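No value in this document is a laboratory result; all are computed from the given coordinates. Just so it is clear, the model here is predicted, and its values are computed rather than measured. Neighbour counts run over all protein chains shown; Cβ positions are idealised from the backbone, glycine included.
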Amino acid sequence: MTETLFENASLDSAIQALRSDLLDEGGPRISTMRNYRFAILPYDPREEFKLRQRIRNLTDELKAQGWNVQAISLHQLLLNRLKAEEPRVLDSLIRTEQRFYTKDPDRALNYLKDKVALYIEGPDGIAQDVIRIVDEFATTHAGDVNKTLVLLCRAGALYPFFRSSALLKHIDGKTRNLPVVLLYPGERHDLKALSFMGELASDRDYRPRIYS
């Protein structure tokens, strides 16, 4: 039986390990692979607000040392896409979900998964928005890439419609070689398996270093 690793690691120790690697004398070493500067920091979803405070502290410290830090809210990216839709499209989605829910809540959820996935998944989903924001950030703050950091946050708000491993695949090679860290609400099982929000089946399709 696979053991959940939360009980063996603390959020503070994971963030401290990330901090040490970011501030390494030779430049950020959050990955052992060349040209693949991604990392994942899993945390217990119940510690969302603690995570946000610790990340604010880390961000403030990095900025005080001359770093440029860009936090990208995946939640906000989804909201932006929904707001850009015509009202009639969203009204239809809401009415259909409500109608399904009165008969079968599971059918209503599956309907939402199918519809919301269109805004999130694939190369034309929020991965496209992440790439655009990172590109604009890198251009605006052109300089030392070793003192630039991108944080992908608020992933929990996309539950249960989101697979972070797919997002990382779609943005791979398109982030100007900047260090990118995904803040991942979920559970880690063994070395490479992650369960989103501790609810979805464990996903082993991860290449980045996992801090926990």
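Taking amide H as placed 1.01 Å from N in the peptide plane, the amide H of Ala71 sits under 5 Å from that of Leu151, each at least 5 places away or on another chain.
Kirkwood radius and radius of gyration were both taken over the C-alpha atoms of region 1-146, and their ratio Rg/Rh is 1.05. Amide H to amide H, with H built 1.01 Å from N, Tyr43 comes under 5 Å of Tyr184, Gly186, counting only residues 5 or more places away or on other chains. A cut-off of 5 Å between modelled amide H atoms, ignoring neighbours fewer than 5 places along the same chain, links Ile210 with Ile40. First measure r as the distance between the Cβ atoms of Thr102 and Asp144, then evaluate 1/(1 + (r/R0)^6) with R0 = 41 Å and state the FRET efficiency to the nearest 0.05. For Thr102 and Asp144, the calculated efficiency is 0.10.
Based solely on its DSSP helices, what 222 nm [θ] is calculated for the chain when runs of n ≥ 4 H residues each add -39,500 (n - 2.57) and the sum is averaged over all residues, nearest 500 deg cm²/dmol? Rounded to the nearest 500, the figure is -14500 deg cm²/dmol.
Using a Gaussian network model on the chain with a 10 Å cutoff between Cα atoms, which of Arg29, Arg54, Arg163 fluctuates the most? Between Arg29, Arg54, Arg163, it is Arg54 that shows the largest mean-square fluctuation. Using Cβ point charges alone (K and R +1, D and E -1), the dipole size of region 41-109 about the Cα centre works out to roughly 100 debye. Using Cβ point charges alone (K and R +1, D and E -1), the dipole size of the chain about the Cα centre works out to roughly 320 debye.
When a/c reaches 1.5 or more, the comparison of a/b and b/c decides; with that in mind, is region 64-212 rounded, prolate or oblate per its Cα gyration tensor? Because a/c hits 1.5 or more and a/b fails to exceed b/c, region 64-212 counts as oblate. What longest region of the chain stays clear of GluC sites (Glu not before Pro) that DSSP places outside H, G, I, E and B and that have at most 12 other Cβ atoms within 10 Å? Answer - 86-198. Among Ala193, His141, Ala64, whose Cα projects farthest towards the positive end of the dipole of the chain, with charges put on the beta-carbon of Lys, Arg (+1) and Asp, Glu (-1)? Going by the charge dipole, the pick is His141.
Measuring nothing but how far apart in sequence close Cα pairs (under 8 Å, 6+ apart) lie, relative to its length, region 52-165 scores a relative contact order of 45 percent. A Cβ-based charge dipole, computed about the Cα centre of region 129-191 with Lys and Arg at +1 and Asp and Glu at -1, lands at about 60 debye. Shape class of region 33-100 from the alpha-carbon gyration tensor: prolate, with a/c at 1.5 or above and a/b greater than b/c.
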